[in-house]
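The values are calculated or read from the model by the stated rules, or taken from the named source; none is laboratory data. Treat the numbers as computed from the prediction; the structure is a model and nothing was measured. Cβ atoms come from the backbone with ideal geometry, glycine included; neighbour counts cover every protein chain shown.
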């Protein structure tokens, strides 16, 4: 078996182990047994537990970025709001399809990002897809306007929270008849409308103007 294929199989088996047994069930020896390689080979490719979890996180951010790019491309001929909707939908769909990756990617105690710049780079790239989709909905606003960053982070938090609540069970427990497909449709529609709306941007301008007037009146 070639080294690249062996590494891929070990990574696949590590994900399956976590899916079946949780993080406590992650064992290099069991990974090797399932992958059909020597029990020392995982240490050659990943060194330690942090190494394999980092590989899972990097694969996750790579897959997520690919999914966001594909979603934006498929909707490229549509209105900016439609593109934003599909990007948000792709984020939620990724989380539900690859729950092990999703849970590992955002756990700094498992993957200390300060030691893994390649993970940081992929994470920033995937967030940039969402930020671009938001910015395209507001062509009259400069790309470096911090208000766009606020909106993108709010959408990210909403989509992430939706996926987490579904995966962890509370949402299904409270609404056992809830259709996941319908939920994603409703949520992404709502999120994208909010992100594409100029209300937040206008409100911020009003707030700044009000604050300026207040400061001006207090000094006269």
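Here the stretch 158-170 is the region considered, the condition is being surrounded by 11 or more Cβ atoms within 10 Å (Cβ to Cβ) and either farther than 19 Å from residue 94 by Cβ or free of Cβ contacts under 8 Å to residues at least 12 places away in the same chain (or both), and the residue that is nearest to the chain's Cα centre (by Cα) is 161. In the list 125, 95, 72, 133, which residue meets the criterion of being in contact (Cβ under 8 Å) with a residue 12 or more places away in the chain, buried (at least 18 other Cβ atoms within 10 Å of the Cβ) and closer than 30 Å to residue 13 by Cα? Of the residues listed, the single one that is in contact (Cβ under 8 Å) with a residue 12 or more places away in the chain, buried (at least 18 other Cβ atoms within 10 Å of the Cβ) and closer than 30 Å to residue 13 by Cα is 95. Does the stretch 55-72 contain at least one residue that is more than 20 Å from the chain's Cα centre (by Cα) and farther than 24 Å from residue 112 by Cβ? Among the residues of the stretch 55-72, not one is more than 20 Å from the chain's Cα centre (by Cα) and farther than 24 Å from residue 112 by Cβ, which makes the answer no. Restricted to helices (runs of 4 or more DSSP H) entirely inside the stretch 32-111, those with at least 2 residues that are closer than 14 Å to residue 129 by Cα are 49-74, 80-97. The listed residues are 104, 113, 119, and the only one of them that is within 22 Å of residue 50 (Cα to Cα), at pLDDT below 95 and touching a helix residue (DSSP H, G or I) at 6+ places or on another chain (Cβ under 6 Å) turns out to be 113.
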